[in-house]
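In what follows, a structure is listed as structure tokens, so that the remarks can point back to it.
The values are calculated or read from the model by the stated rules, or taken from the named source; none is laboratory data. Not measured: the values here are computed from a predicted model. Here the Cβ positions follow ideal geometry from the backbone for every residue, glycine too, while neighbour counts run over all protein chains shown. For accessibility, only protein heavy atoms count, side chains too; no ligands or nucleic acids. Shrake-Rupley method; radii C 1.70, N 1.55, O 1.52, S 1.80 Å.
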Amino acid sequence: MRAALKHGQKIIILLGCFLSLWGPLHASAAETQVGTPQAIDKSRYEQYQKQSEAYAAFTFNQLCLRDYEFYLTPLKRPPMYQKPNVAVELPKACNCYTREIMSKIPASDIIQSMTFMYGYQSNRFVAQQNQKILSNSRTAEKVMNFMDDPSIRKKCGFKR
């Protein structure tokens, strides 16, 4: 009744046994490290802020490039009758739009909102809970109000 285990399966089982024995011994050391907060020096904090700002700007700009092409044409005329030079106009407009949001809303709020609005959620229940949290937060409200404002889009070269 005993099935022959392959070499890889034996290694995985041995690794699992080792980790199950080693985990409780290592947990007490990990708890002491987590219990004492470490201060981040000013230069590191500034570096983290710059990284967050770069990530937020990139994420928002990519969203704009992906979803905002239809704002380049006026509402009254269908896109097939009035074709803008999308390869030139869309990047310019999206760069302006990204600069505008970055000047008005903190990077952490943009990242959080973009993650909840457009991020992949494998669990439908968790996704619904995140949408409820986001819809009740001031963070999402600021970002959604910015994205819904046609005057800012027009300022950046979008027709509507």
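When the criteria are applied in full, S122 fails the requirement of being assigned to a helix (DSSP H, G or I) and at pLDDT below 90. One residue stands out among those in segment 108-119 that are of a type in the set (G, A, S) and part of a helix (DSSP H, G or I): the one that is modelled with the lowest pLDDT, which is S113. Which residues, taken from segment 82-107, are modelled with pLDDT of 85 or more, more than 15 Å from the chain's Cα centre (by Cα) and open to solvent by 40 Å² or more (accessible area, probe 1.4 Å)? Selection gives V88, E89, P91, K92, N95, R99, S103, K104. Scanning segment 45-65 for residues that are more than 16 Å from F146 (Cβ to Cβ) and either among the aliphatic types (A, V, I, L, M) or at pLDDT below 90 (or both) returns Y45, A54, L65.
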